[in-house]
1. Does residue 162 qualify as being in the same structural domain as residue 53 (by TED's automatic domain parsing) and in contact (Cβ under 8 Å) with a residue 12 or more places away in the chain?
2. If a residue must be surrounded by 16 or more Cβ atoms within 10 Å (Cβ to Cβ) and in contact (Cβ under 8 Å) with a residue 40 or more places away in the chain, how many such residues does segment 324-360 contain?
3. Exactly one condition in (1) closer than 30 Å to residue 53 by Cβ; (2) outside the structural domain of residue 69 (by TED's automatic domain parsing) is not met by residue 208; state its number.
4. Given the structure, is residue 341 part of a helix (DSSP H, G or I), modelled with pLDDT under 90 and over 18 Å from residue 292 (Cα atoms)?
5. Being in the same structural domain as residue 61 (by TED's automatic domain parsing) and either buried (at least 16 other Cβ atoms within 10 Å of the Cβ) or in a loop (DSSP other than H, G, I, E, B) (or both) is true for just one of 110, 118, 94. Which residue is that?
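The values are calculated or read from the model by the stated rules, or taken from the named source; none is laboratory data. Given the structure is predicted, the values throughout are model-derived calculations rather than measurements. Every residue, glycine among them, receives a Cβ derived from its backbone with ideal geometry; neighbour counts consider all protein chains shown.
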């Protein structure tokens, strides 16, 4: 805890500030001349050439175009015929809108750009008359400024007299402040006693602060040790990360090799698929038996008259002589109609019971010709 000690001089200055800098003095400061901003543009100074150029642009009659035309008219040093710019870029336009409070005043009749494009013909007609009026106004303004300067000089003299009165009043107040200082000095002594008490309290706080500093140093030492351990751990992790990166690079190479192998296998699979399709197409192209119904019945009646034969030319299913022999997927020869009926109810071989992986039947022309020759 700290107590600020005020000297008699500082007390006197504070008294002057709070007691005698009153409203008349503030009025004196408020009457100082204020100049207009150099960036403000008087719309009455628009040139005839600038207005004629804006009229030649044939802008649309809307609020945005009125605002743009007004900006071009009031900034002839930037916007005009070549080589000057004839457009306002978006960022610059946004700055103009913020500066002139466009969003609030855009539709208000008091806005300086309100219906500006429609007023250009009238402004061109009044341009010459306004120039002569401006000349007269300039002369009148100069006379008025001279008069105001004279008045300001007189007012300054009056204000100086008023300040002299204030100084006399402050002088009288100074004697009062001396008395007040004596009373304040007594209070200062009391505060000094309190200050000693505060100093003792500060000593106690200092002792506690020393203890806290010791604890903080111990904590800092532990922190530094932990920091070293973390640094070693980070170094180890970096090495592991480097190893992982190397492993990843090797895995990328391995993946690329696998990709090449897979590509080769895929090409082999495609080749096998093409061969299988060709194989299937080859089976599809095998012609079936060309026996007509009449020929089939003729052979059937002929072979039925032959009961015994020394040749194994009978169907394993019907035990009759083969008329239209076909080869099934188990490699055995059967009567075509008999094996077809068998395959409707079972996928096993009629002879050995093995699974038939296909219902494909291949005509056995050689067996049919051989049987016909043997029996005839």
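1. For residue 162, the condition - in the same structural domain as residue 53 (by TED's automatic domain parsing) and in contact (Cβ under 8 Å) with a residue 12 or more places away in the chain - is met.
2. The total comes to 3.
3. Among (1) closer than 30 Å to residue 53 by Cβ; (2) outside the structural domain of residue 69 (by TED's automatic domain parsing), residue 208 violates only (1).
4. no
5. Of 110, 118, 94, the one residue that is in the same structural domain as residue 61 (by TED's automatic domain parsing) and either buried (at least 16 other Cβ atoms within 10 Å of the Cβ) or in a loop (DSSP other than H, G, I, E, B) (or both) is 110.
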